[in-house]
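First up is the structure itself, then whatever we jot down about it.
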Amino acid sequence: MVRPDGPLICKSDSAITLQNADEELIMKDKEFALCRCGLSNKKPFCDGTHKTQGVQATQAFSDDREEDINGVVADLTITVKTHSMYSIQGPVTIFSRDGLSKTTRTKSALCRCGHSANKPFCDGAHNRHDFTE
């Protein structure tokens with residue numbers, strides 16, 4: 001779920017694998033919050049810094065790459081790419097907190113630097129803004 005001005009809430013009935021770019025396990029859990037403003041001191045996790053820094057990030061989005069995931073059975077893995085995006089593999093529904101924006105995919109790249117013009121999706125802005133973790 002994309003929270004307005006806040007993190008990406010990752011939630012599943014089964015465990016989601018969160019790994020680093022070397023495919024080393026960071027954690028496996030059913031729910032966690034990932035930073036999408038790029039300011040957290042506990043990256044990749046949200047530590048609430050967005051609240052004190054006045055981050056404004058809409059929850060609304062559109063997606064022209066939506067896929068039908070009906071019948072797709074696979075584990076969901078989120079890879080934290082070094083100085084880059086979150087890479088998602090597996091069936092996922094991405095939706096805004098208000099429910100007005102929604103898409104389904106089997107793979108995606110989501111922004112974690114806070115600079116994408118196409119949030120929650122990555123547009124490569126981390127390169128232009130020298131995003132580091």
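The values are calculated or read from the model by the stated rules, or taken from the named source; none is laboratory data. The model shown is predicted, which means the values in this text are computed figures rather than measured ones. Here Cβ is always computed from backbone atoms with ideal geometry, including for glycine, and neighbour counts include all displayed protein chains.
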Check your understanding: From the list Val73, Val92, which one is of a type in the set (A, V, I, L, M) and at pLDDT 95 or above?
Key -> Val92
Revision key, fill the gap. Within segment 33-57, residues being surrounded by 19 or more Cβ atoms within 10 Å (Cβ to Cβ) and in contact with a strand residue (DSSP E or B) (Cβ under 7 Å, 6 or more places away or on another chain) number 6
Practice item. Among the residues of segment 1-32, write down those that are surrounded by fewer than 12 Cβ atoms within 10 Å (Cβ to Cβ), charged (D, E, K, R) and out of contact with any Lys or Arg (no Cβ under 8 Å at 6 or more places or on another chain). Key: Asp22, Glu23, Glu24
Review point. Scanning for something surrounded by 17 or more Cβ atoms within 10 Å (Cβ to Cβ), polar (S, T, N, Q) and under 18 Å from Cys122 (Cβ atoms), does segment 58-70 turn up at least one residue?
Key: yes
**Study point:** Matching residues, segment 78-103, being touching a strand residue (DSSP E or B) at 6+ places or on another chain (Cβ under 7 Å), among the hydroxyl-bearing types (Ser, Thr, Tyr) and surrounded by fewer than 17 Cβ atoms within 10 Å (Cβ to Cβ)
**Key:** Thr93
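Against the definition (of a type in the set (Gly, Ala, Ser), assigned to a strand (DSSP E or B), closer than 19 Å to His115 by Cβ and in contact (Cβ under 8 Å) with a residue 12 or more places away in the chain), how does Ser12 come out, yes or no?
Details: of a type in the set (Gly, Ala, Ser): yes; assigned to a strand (DSSP E or B): yes; closer than 19 Å to His115 by Cβ: no; in contact (Cβ under 8 Å) with a residue 12 or more places away in the chain: yes.
Considered against the rule, which asks whether it is of a type in the set (Gly, Ala, Ser), assigned to a strand (DSSP E or B), closer than 19 Å to His115 by Cβ and in contact (Cβ under 8 Å) with a residue 12 or more places away in the chain, Ser12 comes out as no.
If you go through segment 28-59, how many residues are part of a loop (DSSP other than H, G, I, E, B) and either of a type outside the set (A, V, I, L, M, F, W, C) or farther than 19 Å from Phe131 by Cβ (or both)? Even if it seems obvious, please write down each step before you answer.
As a first pass, look at segment 28-59 and keep what is part of a loop (DSSP other than H, G, I, E, B): 35-44, 46-48, 53-59.
Subset that is either of a type outside the set (A, V, I, L, M, F, W, C) or farther than 19 Å from Phe131 by Cβ (or both): 36, 38, 40-44, 47-48, 53-54, 56, 58-59.
Qualifying residue count, segment 28-59: 14.
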